[in-house]
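Below: one structure, written as structure tokens.
The values are calculated or read from the model by the stated rules, or taken from the named source; none is laboratory data. This structure is a prediction, so every number in the text was calculated from the model and none was measured. Because the Cβ atoms are built from the backbone with ideal geometry, glycine has one as well, and the counts that use them run over all protein chains shown. Protein only, heavy atoms only, side chains kept; ligands, DNA and RNA dropped before computing areas. Shrake-Rupley method; radii C 1.70, N 1.55, O 1.52, S 1.80 Å.
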Amino acid sequence: MSKRFASVSVAALLVALSACSAPEEAAVETPVAEDNAVMGTDARDIHFATFTLDTHVDIGADYGTPALDPGEHTHAQVDLPKMVEGGLDAAFFIVYVRQGETTPEGYVEARAAAEEKYAGISRMLANDPDRIALATSSDEVEEIAASGRLVALIGMENAYPLGDSVDDVPMWAERGVRYMSITHFGNNQFGGSSNPNTAAGEPEEDPGLSDLGRELVSALNDNGIIIDVSHVGKTTMMEAIALSRAPVIASHSGARGVYDHARNLDDEQLRAIRDNGGVAQMVAFRRYIGAMPDEVLAGQQALAAELGLDTPEGREAATPEIFADYQAGMADLRAQYGDVDIAVLADHIDHAVEVAGIEHVGIASDFDGGGGVGGWEDASETPAVTAELLARGYTPEQIEMLWSGNVLRVLREVRAAASSGG
Ligand SMILES: [Zn+2]
């Protein structure tokens, strides 16, 4: 497919560079991305006839301002032109807040950071009401799609900004938040993370849900917000599932049975999600789902340092030319040493389907938050995912379940459970 802009988001690559501290396994031969141009017409037709929903899309600072206007072609992996080009019909846009101190000051800062993200999503919606609209239910998703517009939903990554109570949950529900993860990297006031901050003295072992965490599960149920167990420690996740009276999701995680990374779900977790009626959305995040060649990782560090992109100040000051050089350098490294590509993502989907069943698996990019794999680098390349699934023998009906049907079913059930119980 023709692309007017380089397909690799620099911001995402730089997030990937700094976000993950887990040691990588020894380099192995990994498949190289296939050329999407060979995709058959049938696959494209089926893709564009499928309702597609990506459950995890992060947003940059200044989102919806002239500095980063998703109504235009941008350097971001997701903007409205790329969604249209790639037949990506809907996405959860994310109010993400990094884990900080669980102190009154920390909560004030986190709340402000959440407001900033929410304002960015609101600006996007206000700027382009004829092209994209906010859905707060599965029915609204369908109505907006039928009107010919793209669909935005809102997810919240990390419940940390709620502070030391769950009093703000109804406010976020009112604003349209439809899933909320309990934790991010590092434990918080509600429970344990899949990646505790051991450098700050947090124990390796997940402490499980706190009393406040149990209140959070009830409050999310009562307000029709899906509990998201991505980034959540296994004990905390299992306790949340046991307490929840509605299905949960993992909005963006891989399968540990394919690649052993703390961010991924083991088979017991996948079965727990199945038994709870939930969905595990397999994530297209290179470092979580496959072994990145050491040469690429080392080359990435060197390239970022060489271009002055290895510090926040450097990234702030970088010109579009510097970003373009970075993109070109990364493409060279991957071409030379190998990549984690769309076939690896499909391996995770296959495994999750085998363990949990086709009704309990879905797809997430984590675009603009470090996500992207060879062949699916941004929203414009979304047809390649459908083509890969077709090539593996999934039917169009099954592909639609993976792309949106399963998660829309969960959203319906979570809303119904709220009105019946809360
Ligand atoms: Zn995440």
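If you scale each eigenvalue of the Cα gyration tensor by 5 and take the root, what three semi-axes come out for region 178-236, rounded to whole angstrom and sorted largest first? Could you put the intermediate results ahead of the total?
Working: eigenvalues 90, 24, 12 Å².
Over the Cα atoms of region 178-236, the ellipsoid semi-axes are 21, 11, 8 Å.
Share of antiparallel DSSP beta bridges in the chain, in percent to the nearest 5?
Restricted to the chain, the bridges split so that about 10 percent are antiparallel.
I'd like the FRET efficiency for residue 391 and residue 324, computed as 1/(1 + (r/R0)^6) with the beta carbon distance as r and R0 of 22 Å, rounded to 0.05.
0.10
Taking the Cα centre of the chain as origin, sum charge times position over the Cβ atoms of Lys and Arg (+1) and Asp and Glu (-1), and report the length of that vector in debye to the nearest 20. Walk me through the numbers before you get to the answer.
Working: 27 positive and 69 negative charges, 160 e Å.
Dipole size: approximately 760 debye.
Taking 4 °C and 1.567 mPa s as the conditions, I'd like the Stokes-Einstein D for region 106-147 in µm²/s, using the Kirkwood hydrodynamic radius from alpha carbon pairs.
Answer from the Stokes-Einstein relation: 109 µm²/s.
Please work out the ratio of the alpha-carbon Rg of the chain to 2.2 N^0.38 Å and round it to two decimals. Intermediate values should be presented prior to the final figure.
On the way: Rg = 19.8 Å, N = 422, 2.2 N^0.38 = 21.9 Å.
Ratio of Rg to 2.2 N^0.38 Å for the chain: 0.91.
Let's see if you can work this out: charge +1 on each Lys and Arg Cβ, -1 on each Asp and Glu Cβ, no other charges. What is the dipole magnitude of region 206-313 about its Cα centre, in debye to the nearest 20? Could the numbers behind the result be given before it?
On the way: 9 positive and 16 negative charges, 85 e Å.
The calculation lands at about 420 debye.
For region 302-415, what does the alpha-carbon gyration tensor say about shape, rounded, prolate or oblate, given a ≥ b ≥ c as the root eigenvalues, a/c under 1.5 as rounded, and a/b over b/c as prolate?
Because a/c hits 1.5 or more and a/b exceeds b/c, region 302-415 counts as prolate.
Roughly how many Å² of residue 337 are accessible to a 1.4 Å probe, to the nearest 10?
Its heavy atoms expose roughly 90 Å² to the probe.
Percent relative contact order of the chain, based on C-alpha pairs within less than 8 angstrom and at least six residues apart?
23
Over the Cα atoms of region 329-372, each weighted equally, I'd like the Debye log10 I(q)/I(0) at q = 0.17, 0.18, 0.25 Å⁻¹, rounded to two decimals.
These q points yield log10 I(q)/I(0) values of -0.62, -0.67, -0.93.
At R0 = 35 Å, how high is the FRET efficiency between residue 143 and residue 306 if r is their beta carbon distance? Nearest 0.05 is fine.
0.10
For the chain, report the accessible area per residue in Å² (1.4 Å probe, heavy atoms, rounded to an integer).
Roughly 38 Å² per residue, with all protein chains present.
Tell me what the chain gives for mean residue ellipticity at 222 nm when only DSSP H runs of n ≥ 4 count, each as -39,500 (n - 2.57), the sum divided by the residue total, rounded to 500 deg cm²/dmol.
It lands at -13000 deg cm²/dmol.
What fraction, in whole percent, of alpha-carbon pairs in region 82-167 exceed 18 Å separation?
50
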